[in-house]
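The values are calculated or read from the model by the stated rules, or taken from the named source; none is laboratory data. Just so it is clear, the model here is predicted, and its values are computed rather than measured. Virtual Cβ from ideal backbone geometry, glycine too; neighbours counted across all protein chains shown. Quick note on the areas: whole protein, heavy atoms, side chains included, nothing else; ligands and nucleic acids left out. Shrake-Rupley method; radii C 1.70, N 1.55, O 1.52, S 1.80 Å.
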Amino acid sequence: MGFGQLVIGPPGSGKTTYCNGIQHFFQLTGRPCAVVNLDPANHDPPYECAVSIEELITLEEAQREFNLGPNGAMVYCIEYVSKNLDWLKERVTPLVAEGKYVLFDLPGQVELFTSHDAVKQIIRELTAPKATDMDLRLCNVHLADGHLRADPPKYIPALMFPLQSVLHLETPHANVRSTGDPMGQ
């Protein structure tokens, strides 16, 4: 049985930094960990990347081939992964078999985990007990900027996005306040 996290949140909330920090912590404690980069806009992550979406498709390819902007190309790339799940399973299954804790670094497009079905389909396929040999258990870690607490009109939506992602993705969920906090708490 394997375990892991889907690291989600809006752009700039610290998803890649979080993955880098967790991987480093696991290395220091002697626990095996692998990071899967599913963010096609994250070309050179600071962590050791076990699997990268760029092995399958790049953001630039999607933009050029389909004349898409960055957001449309991002959605296309995640949809492409969901249509090529065998590619992802072939790469993640050995990581789980080796006992590695798997972190999935996802893009910051909020619609991907609040209303779009591609990420939901990826989760279902990776965690379906009979569909894979992995027996992978995942939870969402939703990062949100801590400074939003000081601005109520921004804080309310920051609370609603995690709620919407919990309901949409149907997985265990943890909210994590990231980045600086001007309130000093």
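Annotations
- For GLY4: the one exception among (1) touching a helix residue (DSSP H, G or I) at 6+ places or on another chain (Cβ under 6 Å); (2) small (Gly, Ala, Ser); (3) under 24 Å from LEU143 (Cα atoms): (1)
- Given (1) at negative phi; (2) open to solvent by 20 Å² or more (accessible area, probe 1.4 Å), index of the condition VAL102 fails: (2)
- Residues of region 65-99 that are open to solvent by less than 30 Å² (accessible area, probe 1.4 Å) and either of a type in the set (Gly, Ala, Ser) or in contact with a strand residue (DSSP E or B) (Cβ under 8 Å, 6 or more places away or on another chain) (or both): ALA73, SER82, LEU88, VAL92, LEU95, VAL96.
- Every pair of residues 6+ apart whose Cβ atoms lie under 6 Å, when the first sits in region 74-92 and is of a type in the set (Phe, Trp, Tyr) while the second is in a helix (DSSP H, G or I): TYR76/ALA62
- Tally of residues being in a helix (DSSP H, G or I), farther than 19 Å from LYS120 by Cβ and of a type in the set (S, T, N, Q) across region 58-76: 1
- Just one residue in the set PRO70, PRO94 is out of contact with any helix residue (DSSP H, G or I) (no Cβ under 9 Å at 6 or more places or on another chain) and either closer than 17 Å to ASN37 by Cβ or not hydrophobic (A, V, I, L, M, F, W, C) (or both); that residue is PRO94.
- Considered as a group, the residues in region 139-176 that are surrounded by fewer than 17 Cβ atoms within 10 Å (Cβ to Cβ) and of a type in the set (D, E, K, R) include one that is modelled with the highest pLDDT, and that residue is GLU170.
- When region 59-88 is limited to residues that are modelled with pLDDT of 95 or more and of a type in the set (S, T, N, Q), the one that is farthest from ALA128 (Cα to Cα) turns out to be ASN67.
- Taken together, LEU136, LEU126 contain a single residue that is of a type in the set (A, V, I, L, M), closer than 17 Å to ASN84 by Cα and open to solvent by less than 20 Å² (accessible area, probe 1.4 Å), which is LEU126.
- Of all residues in region 1-50 being open to solvent by 60 Å² or more (accessible area, probe 1.4 Å) and of a type in the set (Val, Ile, Thr), the one that is modelled with the lowest pLDDT: THR17
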